[in-house]
Structure formats: structure tokens, C-alpha cells
Amino acid sequence: MARKPKRLNPPEQDIIRRIWWGCVGTFCLLCLAALVAAPGKAALSVAAGGAIALANFRLLKWCITNALQPQKQAAVGRVLITYYLKFGATAVAVYLLISKQMVEPIGLLVGLSVVVFTMFGLALTMARKLIGKEAG
């Protein structure tokens, strides 16, 4: 039995794609701003946090896409275990980066917020479009 490729429905796929490219754009802007404002360790911290955030986003997308496949129908426990393993690996990476003083905590936090900034911006954009449709 041939497996179908792991894909979401087109509307969800479009939103995830928009979020991903928004995250990449936000990551690039934050890295550039960090290089200009505080080159060196601070810029490296923002880049490290952003890279961790982007990797987590991709892994979460993969995990959810797998869980939603009709032929798999993964148990909730399995999805949660995968999520917590990913969360634990992220915690260990952040701990090592900070404890070895490879990065500055504030810069790392800014980098880790890439997805949050993107989601907030996307929500504002979608709300503006919705308000514009209702007013017009």
C-alpha cells in the first residue's frame, strides 16, 4: 500500500507557509538589526535563538502533520511524548548556550521570540483585512 505524502489541506498549508516565510523574514530582520545595533556576542545570541525557534517550528509542523494523517491517526500520548522530547532538547540547548556563556540571555530571548513576533504580525494583518472587508 503506497503512502500518501504528508500534507495538510490547502488553506492550512497556505497559512503554515505564510507563517514559515514570515518567520524567516523576521529572523533575517532581527539578525540584521542585532548586527547593526550590537555586533558580536549579542548578534550571535539573536541568531542562535532564532535558529532554535525556526527549528522548533519545523519540528512542530512535522509532528502535527504526522498526527493528522488519516492512515496514521497517532495517539495523543505519542504526539505529546514527541512534543516533550523536542521541548526537553530545546531546554538543554538553551541551558548549555547560557551556562557556557556562549550567548547573552536577552539576545537569545529576542531570537527565540521570532515565531511570536511573526504570529502577532500575521494576526494584525489578517485582522486589518477582515475589518477592511466589513467596512467596505
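The values are calculated or read from the model by the stated rules, or taken from the named source; none is laboratory data. Just so you know, these numbers come straight off a predicted model, no measurement behind them. Note that each Cβ is placed from the backbone with ideal geometry, even for glycine, and that neighbours are counted across all protein chains shown.
Against the condition on the phi < 0 side of the Ramachandran plot, in contact with a helix residue (DSSP H, G or I) (Cβ under 6 Å, 6 or more places away or on another chain) and among the charged types (D, E, K, R), how does Lys100 come out, does it pass? Taking the combined requirement at face value, the residue does not satisfy it.
With respect to (1) out of contact with any helix residue (DSSP H, G or I) (no Cβ under 6 Å at 6 or more places or on another chain); (2) under 29 Å from Leu35 (Cα atoms); (3) at pLDDT 90 or above, the lone exception for Leu60 is condition (3). Tell me, yes or no, whether region 125-136 has at least one residue that is assigned to a loop (DSSP other than H, G, I, E, B) and in contact (Cβ under 8 Å) with a residue 24 or more places away in the chain. Among the residues of region 125-136, not one is assigned to a loop (DSSP other than H, G, I, E, B) and in contact (Cβ under 8 Å) with a residue 24 or more places away in the chain, which makes the answer no.
Can you tell me how many residues within region 120-136 are small (Gly, Ala, Ser), surrounded by 10 or more Cβ atoms within 10 Å (Cβ to Cβ) and over 25 Å from Leu59 (Cα atoms)? Walk me through it before giving the result.
The first filter runs over region 120-136 and keeps only residues small (Gly, Ala, Ser), leaving 121, 123, 127, 132, 135-136.
Add one more test, that the residue is surrounded by 10 or more Cβ atoms within 10 Å (Cβ to Cβ), and what stays is 121, 123, 127.
From what is left, the residues that are over 25 Å from Leu59 (Cα atoms) are 127.
Qualifying residue count for the region: 1.
Working only within region 88-119, note down all residues that are surrounded by fewer than 12 Cβ atoms within 10 Å (Cβ to Cβ) and in a helix (DSSP H, G or I).
Passing the criteria: Gly88, Ala91, Val92, Tyr95, Leu96, Ser99.
Within region 105-132, the residues that satisfy the criterion of being within 14 Å of Arg18 (Cβ to Cβ), touching a helix residue (DSSP H, G or I) at 6+ places or on another chain (Cβ under 8 Å) and among the β-branched types (Val, Ile, Thr) are Val115, Thr118.
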